[in-house]
Structures are given as C-alpha cells and as structure tokens.
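Trainee: Structure in structure tokens, see below.
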Amino acid sequence: MRQEDREALLREDVARVQTARERRQLEGVAEDLRSSPLRGLPLPLRLRNFRPAAEGYLASLGGPLPYMVRLREIEALTAEHEQALAAERDRLAAEAPDRFEEAWRTLVTRWSFEEVNDLIERHNRWYPAESRLPMDPRRRDYALVNGRDYRLRPLDAAWALELFLTAA
C-alpha cells in the first residue's frame, strides 16, 4: 500500500477544516432553507397510484402461477404425443408400406388427445383471469400475447396430419 493511500485511510474519520468551496455550498443550502415557502410546514405526501397487493406477495412465495404450470404440462404432453405419433408412424411405414396412408389416417383419427385437450380447454377458459390479461378496446377482446391470440388450438387428427405432413 502506498503511503498516501495509507494516510488517506487514517484521515478518513478525522474532522477536517472546510474548504472555501464547501462553505459556499453550505451557505447556499442554508439560504435555500431560509427562503423556502415550505419552511416549518410538514412535507407534502407523495401519494402513489398503486399499492402492493397481497396477491403479488403470495404469488412470489408460492412458486409458478397455475397457468404457468398448466402451460408447461400442455407443452410436455404435446411433445409426448409428437414422439409417440412419430414412433407409430415409423412402425407403420416399416410394417405395411403399401397400406401406409390408410393405416396412418386410421391410427391418427383413433388417437386420444383427451388429457391434453382438457388442459387446453382449462387454459383457454382461465388464462385471462389468472394472468390478468388486459382488454384490447379495438378488438373488443383480450390483448394479444406475443402477437398471437392466447387461446390454444385443441389437438386432433387434423393437427397430427398437418404436423407430420410438414415433417415428411
């Protein structure tokens, strides 16, 4: 450590003589206080246009909100359906390449998407309230989320055929 740094540290808490500049600044502050119209009066309250709500505290303590958990489940179930359908598609293509189209359409129309569609239905019903989605007066509907409608399309045979048509 340099000697001047050491001396500066040692002088840190020692009262020192004010410089001319510091005296002028203090005199300016004192003059401002004397001429202030608020002198002797209580300071005006700074009202805020919001109050921290209990829901915010509870949400921060309780982990992800229900719609977040539901969206994660929807994504996971959709990915599972995609993988299972891909596996079945590959199996059908290997077993019966001559009857593949007919067998694939039959399989897809009989495929059950009930569980994920139930979650999608609940998401579409409750998402605006749970996420406090604002209204869009021009559309007379809820505001778009990332430029898209918040409603999710239920999974069905058309979704699966469209998915694997683009994947082929």
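Trainee: Does segment 60-76 include one or more residues that are outside any helix (DSSP H, G or I), at pLDDT 90 or above, of a type outside the set (Lys, Arg) and exposed (fewer than 14 other Cβ atoms within 10 Å of the Cβ)?
Mentor: No; the residues of segment 60-76 include none that is outside any helix (DSSP H, G or I), at pLDDT 90 or above, of a type outside the set (Lys, Arg) and exposed (fewer than 14 other Cβ atoms within 10 Å of the Cβ).
Trainee: Okay, next question. Give just the number: which of (1) over 30 Å from residue 159 (Cβ atoms); (2) touching a residue at least 12 places away in the same chain (Cβ under 8 Å) does residue 13 not satisfy?
Mentor: If we test residue 13 against (1) over 30 Å from residue 159 (Cβ atoms); (2) touching a residue at least 12 places away in the same chain (Cβ under 8 Å), just (2) comes out false.
Trainee: Restricting to segment 99-133, and then to whatever is of a type in the set (A, V, I, L, M) and closer than 20 Å to residue 69 by Cβ, can you tell me which residue is surrounded by the fewest Cβ atoms within 10 Å (Cβ to Cβ)?
Mentor: Going through the qualifying residues, I end up with 129.
Trainee: Continuing with this model, one more query. Quick one: count up the residues across segment 7-34 that are assigned to a helix (DSSP H, G or I) and within 50 Å of the chain's Cα centre (by Cα).
Mentor: Summing the residues that are assigned to a helix (DSSP H, G or I) and within 50 Å of the chain's Cα centre (by Cα) in segment 7-34 gives 10.
The values are calculated or read from the model by the stated rules, or taken from the named source; none is laboratory data. Because the structure is a prediction, the values reported are computed rather than measured. Reconstructed Cβ throughout: ideal geometry from the backbone, glycine too, with neighbour counts over all protein chains shown.
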